[in-house]
1. Taking the stated definitions as given, is residue 219 in contact with a helix residue (DSSP H, G or I) (Cβ under 8 Å, 6 or more places away or on another chain) and either within 18 Å of residue 238 (Cα to Cα) or modelled with pLDDT of 90 or more (or both)?
2. Filter segment 131-180 down to residues that are touching a strand residue (DSSP E or B) at 6+ places or on another chain (Cβ under 8 Å) and outside any strand (DSSP E or B), then give me how many there are.
3. How many residues does segment 100-116 hold that are in a strand (DSSP E or B) and touching a residue at least 40 places away in the same chain (Cβ under 8 Å)?
4. With respect to residue 244, is the statement that it is closer than 13 Å to residue 305 by Cβ, under 22 Å from the mean Cα position of the chain (by Cα) and surrounded by 21 or more Cβ atoms within 10 Å (Cβ to Cβ) true?
5. Within segment 88-99, work out how many residues are touching a helix residue (DSSP H, G or I) at 6+ places or on another chain (Cβ under 7 Å) and in contact (Cβ under 8 Å) with a residue 60 or more places away in the chain.
6. I'm trying to understand the selection: among the residues of segment 283-310, which are surrounded by fewer than 23 Cβ atoms within 10 Å (Cβ to Cβ) and over 22 Å from residue 343 (Cβ atoms)?
7. Of all strands (runs of 3 or more DSSP E) completely enclosed by segment 243-295, which ones contain at least 2 residues that are without any contact (Cβ under 8 Å) to a residue 40 or more places away in the chain?
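The values are calculated or read from the model by the stated rules, or taken from the named source; none is laboratory data. Being a predicted model, the structure only gives us computed values, none of them experimental. Every residue, glycine as well, gets a Cβ built from its backbone with ideal geometry; the counts of neighbours run over all protein chains shown.
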C-alpha cells in the first residue's frame, strides 16, 4: 500500500492548530521600535575559483525558494578553477562549480554524480570536471538540485542534468520519467523531492516557460511534474496539456507547481508566445488541482500563471496574467478560494514569498514620473510590499533607491529584498540599474543592508533573498577584487 502525504489526514489540522497561533502571537507582540541589527558578514567561499552563487543566479526566473534554513545551513554553488568542458553551453561564468552546503562554519563540497551514474544513492565524485546545482534545502539539511554527469543530451545537444538529492554524504540520482533529463526543485524534511522530469513524448516548444528555468539548455521531450517518495519517482501528470513542473513540497506532502491545461496557441502570451494556457496547481491526496479554476469568473482572464510559494498551512501564492496577457496580478489561494492581491496603484503585482502566517511579500508597480526618462514619460516603478490580513502595504524604498522588490519574509515579519538605485531604460515592472543593493525591513522601518554591516566588512552587497527565523540573511555581493560571493549576514551588536 502506498503511503499518502500527511495533508490527507487530520494531522495537518492538529499540527497547524499548535504552530500557527504561536506565529500569530509573535506578530502581535512585535517590538514597535524600528531599530535594526548590525550584521557580521560570513563569506561562504568557493572551491578554488573566484566566485560563489545562489540559486537565483543560474536560474534567474525560478520562483522563490529557500536556500537558507532555520538552523543557519545554506545551499549554494562554488566555483572551481577548471573551465567548463561544455562551454559555451554553461552556467554563469563557464567554470565548473559544485554544490556547496555551509553548516556550522564549514563549506562542504557535496560533489557531483559520477559518469554513468546508477539510479539511487551513491558516492559523489569530488573532482569530476562537470557541475552540480543546489536549488533547495530543507529544515533538516537535505539538499535537492541537479547534477551533470559528463553526458550530452542527444536531442538538445547541451549538457545533460539529472535530479539529485544529497543526504548523509551521498548523492542520489532520482532518475527521469523516460526522457533524458530531470531537475529537483524542492525538498521537505521527510525527504520527499519534487521537480520536473522529461518523458518520451516530443516537445513542440523546447525552450518554453516555466520549464525553461530548470532545463536551461532545452528539453527535447515534454516535462511532467514529479514526486520522489520512498525511493521512487511518481509522475504527477498534468492539468490536461503537454507539460507540468512542480516547484514546492511542504512537510505535509502538498505540492505546488504549474501545468499546461490545453494545447492552445496563445499568441499574446509574453512569457510563452504561442504556447498553451498554463495554470498554477496544488497536488494533494493523489490529485492535481487547478487553482485558477477556483477563482471567480473573470478575476484574471489571462493564459499564463505560476506559483511562487507554498507554506505549511497549504496556502499558495503566485501570479496570473490579466486579460491582455501582457500584465499580471498576484493571488493567494487558501481553502479552495482565490484572492487577487491587487496592487499599489500600478498594473503589476509579483508575489515572491509566503510565510506560515499567510503574510506575502513581493513587488508592485506604482505610477510615477521618471526623472531620467524623456519628458512626460510615465513608468510603473516597482515598490516592495507586504500583504497582510487583506491589506497591501508599501514598504517604501531605502535611501537613494528608485525601486525595489521584497523577496522573503520570516515568521517574525522581517523582510529582505533587492533595491535598484537608478533607472536606465524604460521597462514594464522592472527597474534597470547598473547599481543594485540589498535591504531589510523590520517593524515599519526599511534600511539599506550595506549601512548595517559592521565596520571592516569589505563586501559590497547586491542582493538579499532569504531570512530565517534567527534573523540571519542570505545575500550576495562583490569583494574588492570583483569576485562574486554568497554571504551569510549574522545579526549582532557592533561590539560583538
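1. When the stated conditions are applied, residue 219 passes them.
2. Restricting attention to segment 131-180, the residues satisfying the condition of being touching a strand residue (DSSP E or B) at 6+ places or on another chain (Cβ under 8 Å) are 131-138, 141-149, 151-153, 155, 158-167, 170-180.
Those still in the list that are outside any strand (DSSP E or B) too: 131, 138, 141-142, 153, 155, 158, 174-180.
Residues meeting the conditions: 14.
3. 8
4. Against the criterion (closer than 13 Å to residue 305 by Cβ, under 22 Å from the mean Cα position of the chain (by Cα) and surrounded by 21 or more Cβ atoms within 10 Å (Cβ to Cβ)), residue 244 qualifies.
5. Initially, segment 88-99 is screened for residues touching a helix residue (DSSP H, G or I) at 6+ places or on another chain (Cβ under 7 Å), giving 91-92.
Retained after the next criterion (residues that are in contact (Cβ under 8 Å) with a residue 60 or more places away in the chain): 91.
Counting residues in segment 88-99 that are touching a helix residue (DSSP H, G or I) at 6+ places or on another chain (Cβ under 7 Å) and in contact (Cβ under 8 Å) with a residue 60 or more places away in the chain gives 1.
6. 284, 285, 286, 287, 288, 289, 290, 293 - these are the residues of segment 283-310 that are surrounded by fewer than 23 Cβ atoms within 10 Å (Cβ to Cβ) and over 22 Å from residue 343 (Cβ atoms).
7. 255-260, 287-290
Each row is one residue, and each column tells you yes or no for (1) part of a loop (DSSP other than H, G, I, E, B); (2) modelled with pLDDT of 95 or more; (3) buried (at least 19 other Cβ atoms within 10 Å of the Cβ).
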residue	(1), (2), (3)
428	yes, no, no
437	no, no, yes
446	no, yes, yes
463	no, no, yes
489	no, yes, yes
